[in-house]
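Before any comments, here is the structure.
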Amino acid sequence: MRIINLIGSIVMGKFKDLLKVSNTKVLLLGNEAIARGAIEAGVGVATAYPGTPSSEIVESLMEVKDELGIYVEWSVNEKVAFEIAYAAAISGVRSLVAMKHVGLNVAADPFMSSAYTGVEEGFVIVSADDPSMWSSQNEQDNRIYGLHGYVPVFETTIVSEVKDLTKYLFDFSSKHKHPVLLRSTTRISHTRAPIMLGEVPREFKIKGVFKKDIKYVLTPANARRDKLAMLERFSRIRQDVEKFPFNKIEGSGNKVIIAPGIAYSYVKEVIEEHNLNDVIVVKLTTIYPIPYNMIVDILRDVSAVMIIEELEPVVEYQVKDLIVNEGLKVKVYGKDITGLPYELNLNRVKKSLGKFLNVEINVGKDNLGRKQQLELPARPPTFCPGCPYRPLFYAIKMFIISKKLNAVTPGDIGCYALASNEPFKLQDVVIEMGGSLGVGNGFSKVLDDVVIAFIGDSTFFHAGIPPLINAVFNKSRLIAVILDNEVTAMTGHQPSPASKVPGKKRILIEDVAKGVGVRFVKVVDPFKIDVVKKTLEEAIEFTRKENEPAVIVVRRRCALEAFRDMRRAGVEIPIHAVDKNKCIACGICYTWFGCPAITPLTDGKASIDPGLCIGCGACVNVCPVKAIKPVKTYRPEELSKYWF
Amino acid sequence: MTLNIVVVGVGGQGILSLARVIGEAVLNSSDLNVSIAETHGLSQRGGSVITHIRIGKGVFAPTIAEGDADVMLALELIEAARYSSYLKYKESIAVIDDRLIRPSLPKVKLPDRDELIKHIQDRTYRMFILKGFNEALKRGSPLSANMALFGFISSILERLRVVKNKVSLKIVSSLGRSERVIKVNKELYLMGYEKASRLVSSDVLSLLKKRLLI
């Protein structure tokens, strides 16, 4: 996209172009605003492992790293990303680490310890949580990590404030020499809102000094001392959040609503729209610790308080604790009315407020149930046209069916998790990054079935290597199918160690497998369906005979990347079409292959949607009568350099 | 009060881009606030997608409540019907591209096109059907279909004094990798813009205008 200057405004500006701009309102994604806040605060080091909804934070910083001269990296996993940013912060360099909520589970070890040692310069840990699980395996509330680890937790209450909050938190962390947790959610990270840009510093401090100190050595004796120092720092933080500029008390009345984080945006809207004047609203940015004295003062003279917050009752527990401590006579409502699961929405908040304030509030004119709803087919996400994973799962499915194989197929986190849907159903257990191989180890010990575990390249490097070593060491009869599309595709094509990136060293998965002692290692092209089947047969044979793991690396680039490169190079790729005279209406292509571009006609014959076909040609080998052909002749071999 | 627009379709059709250009057009044409709540990641891969756009003096909540959308812009018919519960019953409009994409599930039973259209018509004050996809495909750029919807809503928002056509056109010219795609985008935009200028009557405008008043 090109930048356009209208009088005094920037339209469709790229993040990079905005570096030269200040004192202007632009439309930024919440994650871009967090990145901008870090820049305005003078961040020197930023790291992450990609994960929705956190990815665009470090992606944006990556875009500008050379121009600003700061260090930004996609690390191999969240633990390593955390440790790198931590090292910067204890050396006096401002740093940020970003991850999705479940990523903090992986980084939990250094997270806990970082609060014990403290830091030298601003250290902002961003956790982007996913209430309602739009793109995640759970909706854990990472604010609880703050309570667990003595790390103060902050949430923006309005999307348009998140840039300034991020900037402020760097100073806050520097002042207290303590890490801080900025918790975002999908609705903050992935909402675009007008953001007023501030100044970009002229210089960034990227080199520091590490002052050696035994406080960084958490042997028991030192850790015991650190614990006391940490508690002292934390009590100063408790004092400091009493006057936090992003907290606010609004309105007056005999009842109080405490609205932490994005819940405030919903509450504020309902209060304004329905002119609910007789109530106090606390806009709460400091989630843990809460501003104790401020809340005590508010609750002293009121009859009831309601905490409206998303997911777990993190603030509610703290308020109840405070009420008991202070012997206040105030009735508390919260999760008993709002409910625990999923994200908030306006209707839910309207109903909760209506109950609490005893007022009638119209909820949206929902027409559900008003008339018979149409029966609509589900539309689960699916592999893109051209995806190399579709022919792979097709080949394996056909193999399992034809051999009447008893197979159990643990899966993992990535695009290939979509093979859990029809027609493949080849992801039997998907729980966490690297889980396919760990769970596969276990299955091979307790089941007689053939165990085929699927894991992608980025996930393999993230958490798949230790369980593969375990399979070699403990002799697990496991077939690891490692899908190498040379990129972290699902989260938006961030590089993985399998990517060919200028200036980085590519690591071949087959070398890793051989290096840790796997004796059966084969690399296959998923478009060659017969080769995939034959290799799988050999692997089954090997694991049965030798009682040890086999690795099949399935290599072909993500189609979105391959086709992007072809388009950039001006390569014309003809789409494909079905020869209706040849088609025998067997239905294999639209039933078992499942490409969105192939649809059945009323007579059962296949047809290819010209608006969806991208011309990958993967379906050509699927048709038993060779009825699928390109609409123009071309030489597929000439395109292979884009695919590998 | 806010004007609530949901943009729906199938992941990959250009839904996020459409939402973003509308937001940019509003922010750069008027003093109103705008917020766009997107869905990324997993659901983007050919799945059902909804994006929430809110326009008004004070916009706080990022998402639109079910039953509270004033406008639906749909790039696909099944998804239009699926999210029809978001529409304000009989007090909203739907602008739909006449495109039906079969969910790639085996043995899926497809609903009838006319039934889908009737379903949405029954729930709206007025419904408009565009042929953006067909026109875009004819011109060799099927992903330009979203520009017809952009043109259509730009015309409506221009008459509500929320968007300037000049700004929208500049945005259109900034999209697309090749001159060819930029040209198709512009043609589709103008097609939608002209269609709205002809078909959207003043009663529809006053219905929407109410929502922008404090």
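Bear in mind that the values in this text are calculations on the coordinates, not laboratory data. Please read these numbers as outputs of a predicted model, since none were measured by experiment. Ideal geometry is used to build each Cβ from the backbone, glycine not excepted, and the neighbour counts take in all protein chains shown.
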Counting DSSP beta bridges with both ends in the stretch A:247-357, the antiparallel % (nearest 5): 20 percent
Counting only C-alpha contacts under 8 Å and six or more residues apart, can you give the relative contact order of the stretch A:4-242 as a whole percent? 27 percent
List every DSSP H helix in chain B whose Cα atoms extend 24 Å or more along the helix's own long axis and whose mean Kyte-Doolittle hydropathy is at least -1.0. B:179-199
Quick one: order A:K163, A:K522 by neighbouring beta-carbon count within 10 Å, fewest to most. A:K522, A:K163
Per the Kirkwood definition applied to all pairs of different Cα atoms, how many angstroms is the hydrodynamic radius of the protein assembly as shown? 28.7 Å
Once the dipole of chain A is set up from charges on Cβ (+1 Lys and Arg, -1 Asp and Glu), the residue from the list A:G339, A:G615, A:F460 lying farthest towards its positive end is A:G615
Restricting to DSSP loop positions (anything but H, G, I, E, B) with no more than 11 other Cβ atoms inside 10 Å of their own Cβ, which trypsin sites (Lys or Arg not before Pro) remain in the stretch A:368-466? A:K371, A:K404
Using a Gaussian network for chain B with springs between C-alpha atoms less than 10 Å apart, which of these wobbles most: B:R139, B:R198, B:R126? B:R198
Exactly which trypsin sites (Lys or Arg not before Pro) in the stretch B:1-82 are in a DSSP loop and have at most 14 other Cβ atoms within 10 Å? B:K57
Only Cα pairs within less than 10 Å get springs; with that Gaussian network setup on chain B, which residue of B:T124, B:T39, B:T51 has the largest fluctuation? B:T39
Which is farthest toward the positive dipole end of the stretch A:4-242 among A:S91, A:A35, A:M196, measuring Cα position about the Cα centre, with Cβ charges +1 (Lys, Arg) and -1 (Asp, Glu)? A:S91
Could you state the angle between the C-alpha long axis of helix A:346-357 and the longest principal axis of the C-alpha atoms of chain A, as a value from 0 to 90 degrees rounded to the nearest 10? 30 degrees
Cα extents of the stretch A:22-84 along the three principal axes, largest first, in whole Å? 36, 26, 16
For the stretch A:3-131, alpha-carbon Rg and Dmax in angstrom: 15.2, 51
Under the Karplus relation 6.51 cos²θ - 1.76 cosθ + 1.60, θ = phi - 60°, what is the ordered set of whole-Hz ³J(HN,Hα) values for the stretch A:254-269, x standing for Gly and Pro? 9, 10, 10, 10, 9, 10, x, x, 5, 4, 4, 4, 5, 4, 4, 5
Any aspartates and glutamates with Cα under 15 Å of the A:K167 Cα? List them, leaving off those in the same chain fewer than 8 positions away. A:E32, A:E40, A:E121, A:E155, A:E199
Here are some pairs, A:K514/A:K545; A:K177/A:K212; A:K397/B:K109; which of them have Cα atoms lying more than 21 Å apart in this structure? A:K397/B:K109
At a 10 Å Cβ-Cβ cut-off, how would you order A:V324, B:V26, B:V204, fewest neighbours first? A:V324, B:V204, B:V26
Calculate, axis by axis, the spread of Cα positions in the stretch A:4-242 along the three principal axes, and write the results as whole Å, longest axis first. 63, 40, 38
Among A:N358, A:V408, A:L426, flag the residue with its Cα farthest along the positive direction of the charge dipole of the stretch A:333-442, charges on Cβ as +1 for Lys/Arg and -1 for Asp/Glu. A:N358
Does the stretch A:193-294 come out rounded, prolate or oblate, given a ≥ b ≥ c as the square roots of the eigenvalues of its C-alpha gyration tensor, rounded meaning a/c under 1.5 and, failing that, prolate meaning a/b above b/c? oblate
Using only the Cα atoms of the stretch A:389-563, each taken as one equal point scatterer with no solvent, compute I(q) by the Debye sum, divide by I(0), and report log10 of the ratio at q = 0.08, 0.11, 0.17 Å⁻¹. -0.21, -0.39, -1.00
Please report, in debye to the nearest 20, how large the charge dipole of the protein assembly as shown is about its Cα centre when each Lys and Arg carries +1 at its beta carbon and each Asp and Glu carries -1 there. 1600 debye
How far is helix A:529-546 tilted, in degrees, relative to the longest principal axis of the Cα atoms in chain A, given as a value from 0 to 90 rounded to the nearest 10? 80 degrees
Considering the alpha-carbon set of the stretch A:247-357 alone, what are its Rg and its Dmax in angstrom? 12.6, 36
May I ask for the angle, rounded to the nearest 10°, between helix A:559-568 and the longest principal axis of chain A, with both axes built from Cα atoms and the value confined to 0 to 90°? 80 degrees
Other protein chain Cβ atoms within 10 Å, averaged over every residue that makes up B:86-98: 2
Calculate, in whole percent, how much of the Cα-Cα pair population of the stretch A:571-643 lies beyond 17 Å. 39 percent
When chain B is modelled as a GNM with alpha-carbon springs shorter than 10 Å, which of B:A65, B:A94, B:A74 fluctuates the most? B:A65
Among DSSP bridges having both ends in the protein assembly as shown, what percentage is antiparallel? Round to the nearest 5. 35 percent
State, as an integer percentage, the relative contact order of chain A based on alpha-carbon contacts under 8 Å between residues 6 or more apart. 10 percent
For B:I53, A:I144, which order do you get if you count the other beta carbons within 10 Å of each Cβ and list the fewest first? A:I144, B:I53
Any trypsin sites (Lys or Arg not before Pro) in the stretch A:238-302 that lie in a DSSP loop and have at most 16 other Cβ atoms within 10 Å would be A:R300
Exposed-loop cut sites defined as GluC sites (Glu not before Pro) in DSSP loop states with at most 16 other Cβ within 10 angstrom; longest site-free run of chain A spans A:1-198
Excluding residues fewer than 8 places away in the same chain, name every one of the lysines whose C-alpha is closer than 17 Å to that of A:K355. A:K255, A:K268, A:K331, A:K335
